[in-house]
Amino acid sequence: MKNATILHQQAIELLLKHWSKYAKIKKSHFNWLLNNSTYHRLSTRGVLYEAGSRDKFVFIVCDGLIARIYEDEESEKTKIFSVALPGMALMTTEHLYSDSPSQGHIVGIRPSHILALPYATVHKHKKKDAKVETLVDVLNSKKKKQLVQLRRLSLILNPSERYLSFYTHMPILRAILSQREIAMLLSISRSTIQRANRRIL
């Protein structure tokens, strides 16, 4: 098994590769992440954040897949609220300036390599380095785009039509998620997905 420090450094390199698409990265950015982030090697169903915790972290996915899940009291079913792929992030509050804990837990749905940055660190370095602000803007933009897409899907009342719209407009998630996970995300049944897939084929 690789040393935790080596895994931490490799996770940072993965993030820097993504970050470099939007800004010119320097050695100082590697050092900043190494000194200020913590590394988490997350298993499937491993928990990063439990609902109600007062921790304030940005969890950045370097590799793998994590999700925010919650228990729907009405249906007594576990639902997926949002998903973060590599180059995306989930936070422990509503946003960087919020004190309100986010709804649900943050868990791994694939083995994942995660960097956790404290809010205080992000706020401090956003003021010093415009490239850190660029990273935060990119992470926020990706999160908002997904939530807008999922919100639009939730307004489609017919479950089959909801899935067909998801199939068309969210191909990356469709390709990476299992039928069970898609059902949890869209609040539909697996049988609905299977029938819709037969129609598509």
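The values are calculated or read from the model by the stated rules, or taken from the named source; none is laboratory data. Small disclaimer: the values here were computed from a predicted structure and weren't measured. When we count neighbours, we look across all protein chains shown, and the Cβ atoms used for this are built from the backbone with ideal geometry, even at glycine. The area values use the complete protein model at the heavy-atom level, side chains included, leaving out ligands, DNA and RNA. Shrake-Rupley method; radii C 1.70, N 1.55, O 1.52, S 1.80 Å.
So the values come out like this:
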{"read-out": "Residues Ser160 and His123, FRET efficiency given R0 of 30 Å [Cβ-Cβ distance, rounded to 0.05]", "value": "0.10"}
{"read-out": "Cβ-placed point charges (K, R +1; D, E -1), dipole of the chain about Cα centre in debye, nearest 20", "value": "800"}
{"read-out": "For Ser20, net neighbour charge (Lys/Arg +1, Asp/Glu -1) across residues whose Cβ lies under 12 Å away", "value": "+4"}
{"read-out": "For volume of the Cα convex hull per residue in Å³, calculated from these coordinates, the label among (i) 103; (ii) 133; (iii) 115", "value": "(ii)"}
{"read-out": "Cβ-based net charge around Tyr70, under 11 Å, with every Lys or Arg adding one and every Asp or Glu removing one", "value": "0"}
{"read-out": "Environment charge at Val122 (Cβ cut-off 13 Å; Lys +1, Arg +1, Asp -1, Glu -1)", "value": "+3"}
{"read-out": "Euclidean distance between Cα centres, segment 41-101 to segment 157-197, Å", "value": "21"}
{"read-out": "Simple Cβ-charge dipole of segment 43-110, Lys/Arg +1 and Asp/Glu -1, about Cα centre, in debye nearest 20", "value": "300"}
{"read-out": "Packing-based order for 149-159, 23-33, using average beta carbon neighbours within 10 Å, highest first", "value": "23-33, 149-159"}
{"read-out": "Gain on full stretching of the segment that runs from Arg198 to Val47 - 0.36 nm per residue minus C-alpha separation", "value": "50.9 nm"}
{"read-out": "Loop sites in segment 1-85: GluC sites (Glu not before Pro), DSSP, at most 12 other Cβ within 10 Å", "value": "Glu73, Glu74, Glu76"}
{"read-out": "Qualifying chymotrypsin sites (Phe, Trp or Tyr not before Pro) for segment 61-136 [loop in DSSP, other Cβ within 10 Å: at most 11]", "value": "Tyr97"}
{"read-out": "Cα gyration tensor shape of segment 148-199, rounded if a/c is under 1.5, else prolate or oblate by comparing a/b with b/c", "value": "rounded"}
{"read-out": "Distance-filtered residues of segment 32-48 - backbone nitrogen under 18 Å, label point 7 angstrom along Gln9 Cα→Cβ", "value": "32-41"}
{"read-out": "Accessible surface of the chain [probe 1.4 Å, protein heavy atoms]: carbon and sulfur percent", "value": "51"}
{"read-out": "Heavy-atom accessible area per residue - segment 98-201, 1.4 Å, Å²", "value": "54"}
